[in-house]
Amino acid sequence: MTRTEPMLRIKNLRAKVGDKEILRGIDLEVGAGEVHAIMGPNGSGKSTLAQVLAGRETFEVTAGEVLYQGKDLLALSPEERAVAGIFMAFQYPVEIPGVGNLYFLRTALNALRKRRGEEELDAMDFLALAKEKMKLVAMDQSFTGRSVNEGFSGGEKKRNEIFQMAVLDPKLAILDETDSGLDIDALRTVANGVNGLRTEDRAMIVITHYQRLLNYIVPDRVHVISNGRIVKSGGRELALELEQQGYAQFEPPSRPGRAGGEAAR
Amino acid sequence: MSAPPTIQDFTSRQYKYGFVTDIESDTVPRGLNEDVVRLISAKKNEPEFMLEWRLKAYRHWLTMKEPRWQNVRYPPIDYQDIVYYSAPKPKGQGPKSLEEVDPELLKAFGKLGIPLEEQKMLSGVAVDAVFDSVSVATTFKEKLAKAGVIFCSFSEAVQNHPELVKKYLGSVVPYSDNFFATLNSAVFSDGSFVYVPKGVRCPMELSTYFRINAENTGQFERTLIVAEEGAYVSYLEGCTAPMRDKNQLHAAVVELVALDDAQIKYSTVQNWYPGDAQGRGGIYNFVTKRGACRGRSSKISWTQVETGSAITWKYPSVILQGDDSVGEFHSVALTNNYQQADTGTKMIHIGKNTRSTILSKGISAGHGQNTYRGLVRIQKGATGSRNYTQCDSLLLGSNCGAHTMPYIEVKNTSSQVEHEASTSKIGEDQLFYCTQRGISQEDAVSMIVNGFCREVFKELPMEFAVEAQKLLSVSLEGSIG
């Protein structure tokens, strides 16, 4: 069977923070146009995986490799990864007081364009682009005058992440618990935004604790991560199964105290 | 956890304006005694009252002790090892126009990005350029004269407007005020003088560029700005200095007087040589700045962006004497490497319904130490007065320090004082958020710091705001990769 090289290939990835090993051998392949959901209990390593892929230095990669478009991703700095088309929607978007939301985004977009050898957008062209993309997540004008994430509600922050994603137009988007802290309406808005960005050549990794997000963003594949490893993979029915049975079945016997988690109750 | 690379790279930036201009200096002998004071006064051909005033100050200074309460550290200063007067020697006669100014001098200004001629034609900003201790070029005088505004060097004011100088000199900062102000009163060489008559709105922003040039010359500037009833003036002060190994003392005095309904806006961008990455050299900037809102509904605002000097020690203050008068202080102080800053303000509320606002932004990087020290005093008679103070500190890296020392004295029950303070670190999470979006670490630091300072930059005149942002970015410059 011949298969084209996937966009992202993770092989036996191990990472630690301090002395604590969090990823203990992750294997994952994500192809262009695919949406993969990664689910798992709290502390299983979901968010760590996202941040390691984005290049956060807090985590030290101790083994394994990550090939992105056939190249060694781990050798790149966070901004080089962004230039290569990787975007991470943060679980906790960061506030930057005094820096205008649109100014920030234009700086980011132009930094990417410049390093890709593309022409930078002037203020007018950027504004036109931003206005168009704001519709996607139903953001109103009042967003534009505010500082990055400052004083935003939880839902506004998450919408802002998806808005940034729409403007920066990544090839691989990693959504880190984008559903956390959202009420059902906000969840729907964000999910609609994400669905609007699903294309043939864009891959997405959707990290979530709950299956409910996957009612709106329907994944091609679902992976269960537990104790730093992917312990089960399947189609979207796996998410439903988890909803009913919880994560307890995947908890390692050596850590009985942690079994269950919220999903099991 | 180690600090992100940017923060270490902070220490690697070089001072951009380090060069020495080769101009003959007309200096008096090293050291200080009554004869030196007399010599300075004689060289400047001053009237008797000035000499008397200087001598009074000198004699008082001899009885004073150098203060040690401030939160800065420096080796003892040998006051006998300072040259107290230095003036660029004119080749032949003194210059009557820019064309006659020493070309070396003009070149120096050019290097600093102050092309006088161009400014004359294009910018609409009058420049009273202080090179060492004597003003050598003043532009726009005619236009100002037409409006009745006097803008000249202090020496010229002493010669041409002695009655004004006599009336206001020392009326806000008396000769006996403090150790450094008293020293300044005895030996000050020159500075700027501004007088805006009743009802006149000064037609342009007034700007002075200071520059310390001759080696080991203490710089003792004296600035006096008077705004009569209903007058308005905006004054910009900016400076750079050449690289030096030896610390240079700068003890300036600035006095502002605002009468009824008058308004004075005083903006400073200070970029003196801060010393090298190990903390050697650099300017000691010990300055006394004070404004008196003498009239009803008068207003004085200080805006400062302090990025230079090895040690910055100053408290631009406002005495709110007139009823309904307003005092403002907006400050950005950045300390990097081994820089130290102990700065803040004093708001003294005397008149009824007086209002003051203090907005202080301190940024510490490297081994920098940044102290905000402020006094808000509301006197018994200052009923219905209000103060709002906000002090924010931003730390970059883990070897620097931020300190906040607010003093509040309220002596009546109808006044209101609010104080807010915050200390934050440029977080690894903020940097990662920026870099994940494709912004380099260096640009991210610059962006975050500029955002932190935005409220203060808003208060600066447009062209100064741009300069201040650039300066901050230069001060934050380091190489990535």
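Of all the residues that make up the range B:469-478, how many are buried (at least 22 other Cβ atoms within 10 Å of the Cβ) and either modelled with pLDDT of 75 or more or not hydrophobic (A, V, I, L, M, F, W, C) (or both)? Adding up the residues that qualify gives 1.
Buried (at least 18 other Cβ atoms within 10 Å of the Cβ), within 25 Å of B:Ile264 (Cβ to Cβ) and away from chain A (no Cβ under 14 Å), is that true of B:Ala382? For B:Ala382, the condition - buried (at least 18 other Cβ atoms within 10 Å of the Cβ), within 25 Å of B:Ile264 (Cβ to Cβ) and away from chain A (no Cβ under 14 Å) - is met. Among the residues of the range B:43-67, the ones that are buried (at least 17 other Cβ atoms within 10 Å of the Cβ) and part of a loop (DSSP other than H, G, I, E, B) come to 2 in all. Answer yes or no as to whether A:Thr144 is under 13 Å from the mean Cα position of the chain (by Cα), in contact (Cβ under 8 Å) with a residue 40 or more places away in the chain, under 30 Å from B:Gln441 (Cα atoms) and surrounded by 14 or more Cβ atoms within 10 Å (Cβ to Cβ). It is false that A:Thr144 is under 13 Å from the mean Cα position of the chain (by Cα), in contact (Cβ under 8 Å) with a residue 40 or more places away in the chain, under 30 Å from B:Gln441 (Cα atoms) and surrounded by 14 or more Cβ atoms within 10 Å (Cβ to Cβ). Of B:Thr413, B:Thr435, B:Thr423, all but one fail to be among the β-branched types (Val, Ile, Thr), surrounded by fewer than 20 Cβ atoms within 10 Å (Cβ to Cβ) and within 24 Å of A:Ile96 (Cβ to Cβ); the exception is B:Thr423. Among (1) touching a Phe, Trp or Tyr at 6+ places or on another chain (Cβ under 6 Å); (2) within 14 Å of chain B (Cβ to nearest Cβ), which single condition is A:Pro41 missing? With respect to (1) touching a Phe, Trp or Tyr at 6+ places or on another chain (Cβ under 6 Å); (2) within 14 Å of chain B (Cβ to nearest Cβ), A:Pro41 is out only on (2).
Considering the range A:156-165, the residues that are within 13 Å of another protein chain (Cβ to nearest Cβ) and among the charged types (D, E, K, R) include one that is surrounded by the fewest Cβ atoms within 10 Å (Cβ to Cβ), namely A:Lys157.
Quick check on the range A:53-62: of everything there that is in contact (Cβ under 8 Å) with a residue 40 or more places away in the chain and within 10 Å of chain B (Cβ to nearest Cβ), which residue is farthest from the chain's Cα centre (by Cα)? So the residue we want is A:Thr58.
Total residues in the range A:63-85 satisfying the condition of being part of a loop (DSSP other than H, G, I, E, B), within 11 Å of chain B (Cβ to nearest Cβ) and closer than 15 Å to A:Ala173 by Cβ: the figure is 2. Within the range A:129-155, restricting attention to residues that are hydroxyl-bearing (Ser, Thr, Tyr) and over 17 Å from A:Thr189 (Cα atoms), which residue is farthest from the other protein chains (Cβ to nearest Cβ)? That would be A:Ser142. Checking each residue in the range B:330-350 for being at pLDDT 95 or above and among the hydrophobic types (A, V, I, L, M, F, W, C) picks out B:Met347, B:Ile348, B:Ile350. Scanning the range B:398-408 turns up no residue that is within 14 Å of chain A (Cβ to nearest Cβ), touching a Phe, Trp or Tyr at 6+ places or on another chain (Cβ under 9 Å) and either in contact (Cβ under 8 Å) with a residue 60 or more places away in the chain or not hydrophobic (A, V, I, L, M, F, W, C) (or both). Evaluated against (1) modelled with pLDDT of 95 or more; (2) farther than 18 Å from A:Arg9 by Cβ, A:Ile205 falls short on exactly one condition, (2).
Helices (runs of 4 or more DSSP H) fully within the range B:116-201 that include at least 2 residues being at pLDDT below 80: B:141-147. If the condition is being part of a helix (DSSP H, G or I) and within 10 Å of another protein chain (Cβ to nearest Cβ), then the range B:422-445 contributes B:Glu428, B:Asp429, B:Gln430, B:Leu431, B:Phe432, B:Tyr433, B:Cys434, B:Thr435, B:Gln436, B:Gln441, B:Asp443, B:Ala444.
When each of B:Pro316, B:Pro274 is tested for being closer than 26 Å to B:Ser356 by Cβ and not charged (D, E, K, R), the lone residue that passes is B:Pro316.
Considering the range B:279-311, and only residues there that are at pLDDT 90 or above and outside any strand (DSSP E or B), the residue that is surrounded by the most Cβ atoms within 10 Å (Cβ to Cβ) turns out to be B:Ser298.
Only one of the listed residues (B:Glu459, B:Glu418) is more than 10 Å from every other protein chain (Cβ to nearest Cβ) and crowded, with 18+ Cβ neighbours inside 10 Å. That residue is B:Glu459.
Scanning the range A:187-202 for residues that are surrounded by fewer than 20 Cβ atoms within 10 Å (Cβ to Cβ) and within 12 Å of A:Val218 (Cα to Cα) gives A:Asn192, A:Asn195, A:Arg198.
Apart from one condition, A:Gly260 fits all of (1) surrounded by 15 or more Cβ atoms within 10 Å (Cβ to Cβ); (2) modelled with pLDDT under 85; the exception is (1). Of the residues that sit in the range A:107-118 and are buried (at least 18 other Cβ atoms within 10 Å of the Cβ) and in contact (Cβ under 8 Å) with a residue 24 or more places away in the chain, which one is farthest from the other protein chains (Cβ to nearest Cβ)? That would be A:Leu109.
Scan the range B:42-54 for residues that are under 25 Å from the mean Cα position of the chain (by Cα) and within 20 Å of B:Asp177 (Cβ to Cβ) and the total you get is 3.
The values are calculated or read from the model by the stated rules, or taken from the named source; none is laboratory data. Since the structure is predicted, the reported quantities are computational estimates derived from the model, not experimental observations. Cβ coordinates were reconstructed from backbone atoms using ideal geometry, including for glycine residues, and neighbour counts include every protein chain displayed.
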